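Worksheet for the structure shown next.
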Amino acid sequence: MHQAYQISSYAQYQEARQKSVENPELFWSEIASHFQWKRKWDTVLDWNFQEPSVKWFEGGKLNISENCLDRHLETRGNEPALLWEANDPKEPGRVLSYNELHFKVCQFAHVLHANGVRKGDRVCIYIGMVPELAIALLACARIGAIHSVIFGGFSARAIADRLEDASATFIITADGAFRGAKDFPLKAIIDDALEANNTVQKVIVLERTKTPVSMIAGRDVWWEDEISKVVAAGNPDFPALEMDSEDPLFILYTSGSTGKPKGVVHSTAGYMIWANYTFLNVFQYKAGQVHFCTADIGWITGHSYIVYGPLSAGACSLMFEGIPTWPDAGRFWEICEKHSVNILYTAPTAIRSLMAFDTKPLEGKNLSSLQVLGSVGEPINEEAWHWYSREVGKDLCPLVDTWWQTETGGIMISNLAGITPSRPAWATLPLPGVQVCVVNEQGKELEGEASGNLCIKFPWPGMLRSTWGDHARCRQTYFSAYPDLYFTGDGCIRDAEGNYRITGRVDDVLNVSGHRIGTAELENAINAHSGVVESAVVGYPHDIKGQGIYAYVIYNGNHSDEEDRVRKDISMTVSKLIGAIARPDKIQFVPGLPKTRSGKIMRRILRKIAEGYTSNLGDTSTLLDPTLVDVLKEGAL
Ligand code: WTA
């Protein structure tokens, strides 16, 4: 543990924040000096937000897998790095010490190398939550390949688009994945995704569910067979490749306000330092503690707070394959008791779904090991905040509400557990190094108490560097709304003390159960159904998911007398094109969409109707056909 930069008092927090603003280069170079470098950097920071071009620790050479593994071997080689809990509570879990994890990562790096993977190649990873997923990430990093993890809930079509966008040449997958009562045939989905693909050369398949799979000669190989070859060769070490600070470490696709998902690109050194610094400071991790982040590694939270943050800090990270409600709603609590979990980091949607079962599943579970609770992914409502704090934390654990994004690489605004005060439904204060500002619609920076759009005016090490294959898109999406500012896409409120409350997206992006889904992407998928003329999607408040998906659809196909059947067909179309996570909750058939004379859909009205309003819809006079509003209201679901 690098207590040297672990903040331990409110005064230290203030000091660090001040120093990070006054002399960011000195501040970050002191922190960076605690990592393992193959060559020290020449310059700490070089940046401009116009291009944008952001470079941290240029000239430095390192490998993140070495920082996550090798450098801990002497001090804590036999201590657990990863604890793994299977989907089925009857299946034994696994423990991998730092020595064992290092060994397995080296073995798998050999497998990658033997199969032709080289520095800079894009490797798509589509596996469930098993230790091999973490091993695959670290082995890619070790060999200098850029990983692109795709969440198991995405469809073959969505995978195909991502493979093509990244020109991926390798895939690491499994026969299947267990999640709750279901198993998902991952390899079969990959086979479909590869039908029209011409970049992928090899698919490495891990055995997990024993689901029958087709193995194509010359393309598909079994993980276990490949490992046997490395064993036969005497398990040689695999020296970590020397990477530049700014070499891309991974791509992670995320939805935005246009139809096409974008590949957010993260760097090596800056991302590593940010994941590590935020992990140690927000959760106040202490040696020997067990950190349980319930996210999926298919999302950024899993990248930063199951793998890179904890492992770079020499921590013990618990990884869980299943879901909170299977075999019953006591599963999380059982795991916390079994592994004496100290830090629990989960999403509001999980808390709300467990709240629905009341406190019965918590009865008889010993949660006394818990010391810190965390929340991420969406605004946490006060009711869920209090329930989590009271029923799970027994009013004894600080609760950190952590605001951040795929693009930020790690936590940006959050209280620090036990160090800075928490406040229900408020993310509170920015971390050192995070220079937040609030702007109004015109881009004017607001002072003091304010409400507006959340922007960031100075680079931090973990920020995205580009969007894969299309740098102009990165500029357009994040740096063009307001000159010289990174625009988050979120709205916020700031109080007189400088605390922030995040109020949600101000662009056309929904947050459904903590998953980001762009309405344009959803509309494209719905419009792909042969009978759909046009559609518009908005979010509406949903008790468990936070936001639900409400689709207004102009339908002109057959079966128009069987509305429910058509709804199912549309849902199926969305499932095929994006994945089951994006299926609409409500589909209302409409004769038209409320458009202005210039043809722009007035989403504000659609949102109000979806939220259940029948009056106060705002100004409707600019609509081409104001009478449509009554028709929409009457048909509201
Ligand atoms: C939302 C997840 C309120 C926000 C790490 C952001 C939050 C988007 C919080 C990023 C929070 C995340 N309070 N809103 N504590 N955390 N968000 O990229 O709208 O999957 O822009 O990253 O989630 O989602 P992403």
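Overview of results
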item	result
Selection from V117, G256, Y98, by position along the positive dipole direction of the chain (Cβ)	V117
Relative contact order (%) - segment 66-241, alpha-carbon pairs under 8 angstrom, separation at least six	21
Global geometry of segment 71-143, whether rounded, prolate or oblate, following the gyration tensor of its Cα atoms and the 1.5 cut on a/c	oblate
Pairwise FRET efficiency - R565 versus S9, Cβ, R0 = 60 Å, nearest 0.05	0.45
Whole-Hz couplings from phi, Karplus 6.51/-1.76/1.60, listed for segment 287-299; x for Gly and Pro	3, x, 6, 10, 9, 10, 9, 8, 5, 9, 5, x, 10
Sum of -39500 (n - 2.57) over DSSP H runs of 4+, divided by residues of the chain (222 nm, nearest 500)	-7500 deg cm²/dmol
Among the listed pairs K55/K119; K600/K633; K119/K202; K104/K365; K586/K633; K19/K61, those beyond 23 Å (Cα-Cα)	K104/K365; K19/K61
Cβ-Cβ FRET estimate between R604 and S368, R0 fixed at 41 Å, reported to 0.05	0.25
The chain - share of DSSP beta bridges that are antiparallel (%, nearest 5)	60
Cα-based shape type of segment 358-406, given that a ≥ b ≥ c are square roots of the gyration tensor eigenvalues and the cut on a/c is 1.5	prolate
Inter-centroid distance (Cα atoms) of segment 481-545 relative to segment 596-629, Å	18
For segment 4-67 versus segment 159-223, the gap between their alpha-carbon centres in whole angstrom	38
Gyration tensor verdict on segment 175-280 (Cα atoms; rounded if a/c is under 1.5, prolate if a/b is larger than b/c, oblate otherwise)	oblate
Signed unit charges on C-beta, dipole axis of segment 227-384, positive-most listed residue I380, N235, S245	N235
Local net charge near Y500, Cβ-Cβ under 13 Å (Lys/Arg +1, Asp/Glu -1)	-2
Residue-wise HN-Hα coupling along segment 329-334, computed from phi with Karplus coefficients 6.51, -1.76, 1.60 (Hz; x: Gly, Pro)	6, x, 4, 4, 5, 4
Long-range amide H partners of G548 with built H, under 5 Å	Y540, H542
Relative contact order (%) - segment 59-134, alpha-carbon pairs under 8 angstrom, separation at least six	26
DSSP-defined antiparallel bridges as percent of all bridges, segment 66-241, nearest 5	30
Nonlocal amide H pairs with L82, under 5 Å, H built at 1.01 Å	L96, S317
Among beta bridges that DSSP assigns inside segment 344-447, antiparallel share in %, nearest 5	40
Ranked list, fewest to most other Cβ atoms within 10 Å of each Cβ, for E226, E611	E611, E226
Inter-site label distance for E449 and E634 at 7 Å from Cα along Cβ, in nm	4.6
Mean separation of Cα contacts under 8 Å, 6 or more apart, over the residue count of segment 509-634: relative contact order %	22
nm² value of the averaged projected area, convex hull over the Cα atoms of the chain	28.2
From phi via Karplus (6.51, -1.76, 1.60), per-residue ³J(HN,Hα) for segment 159-169 in Hz, x at Gly/Pro	5, 4, 4, 6, 4, 5, 4, 8, 6, 5, 10
Euclidean distance between Cα centres, segment 293-321 to segment 365-414, Å	16
Long-range amide H partners of G579 with built H, under 5 Å	S155
Cut-off 13 Å between beta-carbons: net charge of the residues surrounding W404, Lys and Arg +1, Asp and Glu -1	-3
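Read-outs throughout are calculated quantities, based only on the coordinates presented, and are distinct from any laboratory measurement. A quick note: this is a predicted structure, and the numbers were derived from the prediction, not measured. Every residue, glycine among them, receives a Cβ derived from its backbone with ideal geometry; neighbour counts consider all protein chains shown.
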